[in-house]
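Participant: My questions will all concern the structure given below.
What follows is calculated from the coordinates using simple rules that are stated; it is not laboratory data. Everything numeric here is computed off the predicted structure, so don't read it as measured data. For neighbour counting, all protein chains shown are included, and Cβ atoms are generated from backbone atoms with ideal geometry for every residue, glycine included.
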Amino acid sequence: MVSDTFWLAPPEQSLALLSRLLAAHDIPQLWAEAAPACEARTQLLEARLAAKLDAMGELGAQMRQDMRPGLLDRLRDLWHLLTGGMRSDDAADGGEADLFAFRMSLAETLPTGELPVSADALFAETGRLREAIGARITRERQAAPQQIRIPAAALAFMENPVWSADEEQLAEIATITAYWPPMAGKPALALAEQQQDAGLPVELRLLAHDAAGHAAFMAVIRQAGGAVQAQAA
């Protein structure tokens with residue numbers, strides 16, 4: 001499958017950073033390594049959006065004026081990532097804490113509604129890439145990944161149009177395909193595969209949190225009746 005017709009950008013661009021990400025000893029170091037790739041992805045998404053808006057003529061021009069974030073906003077968002085991670089406003093106000101202090105898109109397909117491939121071919125491709133990334137993390141950590149098990153009954157809320165903060169946490173946990181707990185002072189890492197809705201892109205994400213985040217993460221899983229266990233061979 002040709003990468004420039006399947007992926008938003010060739011995954012190699014992000015995967016080239018993986019060794020440095022895996023060597024990071026804390027969340028700020030992860031963000032420092034990831035920042036250039038995150039900015040490049042933002043620019044790529046903006047360019048793709050601009051092309052789509054241009055094709056819409058006057059309507060697209062009006063939407064561009066109403067929707068496109070300014071450079072100052074983007075620089076402020078990037079600075080926020082580098083200095084404070086992905087902490088939400090709710091967490092800052094004493095509400096529900098974010099379980100992950102770091103999130104990075106490692107690879108993202110084009111919108112699946114635009115791809116002339118079957119769902120089986122799509123997920124075989126994302127699965128191969130996910131397994132390759134997981135193998136690299138396992139080699140670096142010298143530890144097999146763990147798997148998250150959440151009872152189906154605890155995820156029944158996903159059929160509802162609106163979710164609570166606790167439900168949003170569980171929904172994100174349900175996308176995790178492999179998890180490596182904190183080890184030797186390094187943050188915990190998780191690999192997740194997400195698709196917000198049919199026809200939208202499929203994204204492979206690297207998530208991370210520190211020991212305190214790991215404890216909160218485990219508490220949410222236990223409260224839902226779930227478990228963390230060795231991944232099946």
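Participant: Could you list which residues have their amide H under 5 Å from that of L8, counting only those 5 or more apart in sequence or on another chain, with H placed in the peptide plane?
Facilitator: Correct list: E108, T109, L110.
Participant: Counting only other residues whose beta carbon sits under 11 Å from that of W180, what net charge do I get with K and R as +1, D and E as -1?
Facilitator: Numbers: positive: R141, K186; negative: E140.
Residues near W180 contribute +1 overall.
Participant: Classify segment 88-225: rounded, prolate or oblate, from the alpha-carbon gyration tensor (a ≥ b ≥ c, eigenvalue square roots; a/c under 1.5 rounded; otherwise prolate if a/b is larger than b/c)?
Facilitator: Numbers: a/c = 1.79, a/b = 1.16, b/c = 1.54.
Oblate, since a/c reaches 1.5 and b/c is not below a/b.
Participant: Evaluate E = 1/(1 + (r/R0)^6) for E46 and D210, where r is the Cβ-Cβ distance and R0 equals 41 Å; express this FRET efficiency to the nearest 0.05.
Facilitator: Working: r = 32 Å, r/R0 = 0.77.
The pair E46/D210 has a calculated efficiency of 0.85.
Participant: Let me ask something else about it. Ranked highest first by average number of other Cβ atoms within 10 Å, how do 147-156, 170-179, 17-26 line up? Intermediate results must be reported in sequence, preceding the final value.
Facilitator: Details: 147-156: 13.6, 170-179: 19.3, 17-26: 15.4.
Packing order, densest peptide first, comes out as 170-179, 17-26, 147-156.
Participant: Cβ neighbours within 10 Å, averaged per peptide: list 158-165, 201-208 in order, most packed at the top. Kindly include the intermediate steps, with their values, before the conclusion.
Facilitator: Working: 158-165: 9.2, 201-208: 21.8.
Going from most to least packed, we get 201-208, 158-165.
Participant: Give or take rounding to whole Å, what are the principal axis extents of the alpha carbon atoms in segment 102-160, in descending order?
Facilitator: 38, 33, 24
Participant: Please work out how much length the chain gains when fully extended from S118 to M158, using 0.36 nm per residue of separation minus the C-alpha to C-alpha distance, in nm with one decimal. Please report the intermediate quantities before stating the final value.
Facilitator: Values: separation 40, 0.36 × 40 = 14.40 nm, distance 2.47 nm.
Answer, rounded to one decimal: 11.9 nm.
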